[in-house]
Amino acid sequence: MERFKDKVVIITGGSGSIGFTTAQRLASEGAKVLLVDIDEDALKDKQNKAEKDGYNMSYVAADVTKSEDVKKYVEVCLERYHKIDYFFNNAGIEGIVKPMQDYPEDEFDKVIAVNVRGVYLGMKYVIPKIEDGGSIVISSSVAGLQATPGMVAYIASKHAVIGIMRTAALELGERNIRVNTVNPGVVDNRMMRSLEEGLNPGNAEEVKDDFENQVPLGRYAEPKNISDMVTFLFSDDSKYCHGSTFIVDGGMQA
């Protein structure tokens with residue numbers, strides 16, 4: 001089934017596990033996908049894999065914190081595919097784990113730059129070009145709904161993007177452009193390995209066990225579980241879903 005035949009989607013953080021898994025899912029259903037990431041080598045690897053699978057996927061290397069780079073990825077998408085239907089505003093970093101009073105200012109600024117400024121710039125330059133009736137999904141987290149000690153920058157950033165989403169939802173309703181966040185819980189990927197180690201250096205497995213014990217379903221999410229939700233939010237099955245947070249956490253928020 002090609003639900004997304006001839007639809008065009010931009011995915012930032014496109015070489016990461018959630019970004020690329022979502023790209024594969026959308027491309028398998030007919031979408032044309034532009035991957036955006038700062039890591040060009042990783043993007044080349046992803047495109048090579050996509051080509052072997054027969055998917056219509058290309059990439060542009062860009063730093064989402066820089067206006068000129070964001071303008072560039074929007075322009076490249078329009079040059080290659082002539083329109084934008086969907087935007088997965090997904091790029092993000094976790095930062096380090098430190099108590100608030102010890103959190104380095106430069107690390108705080110780096111996380112906010114990628115996770116908040118990068119999301120804002122993506123909205124600023126995609127919104128004028130996205131098709132009426134389109135859909136935008138921003139990656140937040142359960143960290144946007146609750147706090148964890150030692151993660152002030154990440155927590156602040158993921159709360160902030162919910163505010164960006166809600167503002168955009170109010171502004172874009174008249175164009176029938178739906179805007180939502182996806183809010184993953186613990187996901188079995190590189191970012192969680194980093195956070196596990198940061199929360200208890202040398203005892204990351206204990207942290208993982210503790211997190212799994214907090215999940216009623218008893219396990220971490222796979223990246224596919226998150227991409228399934230994003231795909232739903234781009235599909236016509238969610239045409240009345242707007243201005244909301246969509247939690248994929250195995251029941252942690254319950």
Does segment 109-126 contain at least one residue that is in the same structural domain as S235 (by TED's automatic domain parsing), surrounded by fewer than 17 Cβ atoms within 10 Å (Cβ to Cβ), outside any helix (DSSP H, G or I) and at pLDDT 95 or above?
no
It is to be established whether one or more residues within segment 44-61 are in the same structural domain as K129 (by TED's automatic domain parsing), crowded, with 23+ Cβ neighbours inside 10 Å, closer than 25 Å to S235 by Cα and touching a residue at least 40 places away in the same chain (Cβ under 8 Å).
yes
Every residue from segment 156-187 that is of a type outside the set (G, A, S), over 15 Å from the mean Cα position of the chain (by Cα) and on the phi < 0 side of the Ramachandran plot:
R166, T167, L170, E171, L172, E174, R175, I177, R178
Could you tell me which numbered condition E206 fails, if it satisfies all but one of (1) more than 30 Å from F4 (Cα to Cα); (2) assigned to a helix (DSSP H, G or I); (3) free of Cβ contacts under 8 Å to residues at least 24 places away in the same chain; (4) in contact with a helix residue (DSSP H, G or I) (Cβ under 8 Å, 6 or more places away or on another chain)?
(4)
Identify, from the list N189, N203, N183, the residue that is of a type in the set (S, T, N, Q) and farther than 24 Å from I112 by Cα.
N203
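Is one or more of the residues making up segment 196-209 in contact with a Phe, Trp or Tyr (Cβ under 6 Å, 6 or more places away or on another chain) and either crowded, with 18+ Cβ neighbours inside 10 Å or modelled with pLDDT of 95 or more (or both)?
If we filter segment 196-209 for residues that are in contact with a Phe, Trp or Tyr (Cβ under 6 Å, 6 or more places away or on another chain), which is where we start, we get none.
Scanning segment 196-209 turns up no residue that is in contact with a Phe, Trp or Tyr (Cβ under 6 Å, 6 or more places away or on another chain) and either crowded, with 18+ Cβ neighbours inside 10 Å or modelled with pLDDT of 95 or more (or both).
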What single numbered condition from (1) over 21 Å from I226 (Cα atoms); (2) in a loop (DSSP other than H, G, I, E, B) fails to hold for E94?
(1)
Please count how many residues of segment 223-254 are more than 20 Å from N189 (Cβ to Cβ), in contact with a strand residue (DSSP E or B) (Cβ under 6 Å, 6 or more places away or on another chain) and polar (S, T, N, Q).
2
Residue under question is D45, and the condition is that it be part of a helix (DSSP H, G or I) and among the acidic types (D, E); does it hold?
yes
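The values are calculated or read from the model by the stated rules, or taken from the named source; none is laboratory data. The structure displayed is predicted, hence computed values, not measured ones. For neighbour counting, all protein chains shown are included, and Cβ atoms are generated from backbone atoms with ideal geometry for every residue, glycine included.
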